[in-house]
1. What is the sum of charges, Lys and Arg at +1 and Asp and Glu at -1, for the other residues whose Cβ falls under 13 Å from the Cβ of Y58?
2. What net charge is computed for the residues neighbouring L23, neighbours being all others with C-beta under 14 Å from the C-beta of L23, Lys and Arg scored +1, Asp and Glu -1?
3. Give the accessible area for R60 in Å² (nearest 10); use a 1.4 Å probe, count only protein heavy atoms, and leave out ligands, DNA and RNA.
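The values are calculated or read from the model by the stated rules, or taken from the named source; none is laboratory data. Worth saying up front: this structure is predicted, and the values here are computed from it rather than measured. Here the Cβ positions follow ideal geometry from the backbone for every residue, glycine too, while neighbour counts run over all protein chains shown. The area values use the complete protein model at the heavy-atom level, side chains included, leaving out ligands, DNA and RNA. Shrake-Rupley method; radii C 1.70, N 1.55, O 1.52, S 1.80 Å.
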Amino acid sequence: MDPRTKASYIATDMDDIQHLLNLEAMCRFQAEAQYLQHKVQDKALEWIATKYQYQQEYTRLTRLIRCVGMRLAIDTRSDNVDKEKYVQTIKVCNKLREEIGSDVHPARLSTSVVDKCQQQLDTVHKPRAQLTRQTQEFADIQEALQDLEEAVNGLENGFELNTMRAMDQMVGELLPPHHVK
């Protein structure tokens, strides 16, 4: 074998070895990147689970604090409570608890209950008047919000325009006189 052919085989072998080393490095890099991505996802899921647990505990503790506060309020007013109404309320609550706890649901409402609810809606509640008032308030709020958006947009545009003018003026002042157009 002549020396030039032998040298070209050695150069080709070295290039192949270098190429294989580069491929191996790329494979290791991709495997490490996948491993890190997997670890980040695991930590993110762990963080979400911890956050959920924290929120559950926080909700439970706030409910407990509210119950304690209500109990204290009841204890301070317990001297003024009518014992007869108290017993009657307990009976009604127990009856409601039993009805809610049972799996039996009424197939349909009695007509007397429906009539009574309708009568209360007609006499006590004024939903149409409240709806029109709330609709008007909503429209007023929407209009005010649009006006506010327009004012903020105008302010932003004016601020941006004036900032650009000031920057152009500063650049113009800093440039030597022969560069000024």
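1. On the way: positive: K51, R60, R63, R66; negative: E57.
Cβ neighbours under 13 Å give a net charge of +3.
2. Computed value for this residue: -2.
3. Approximately 120 Å² for this residue.
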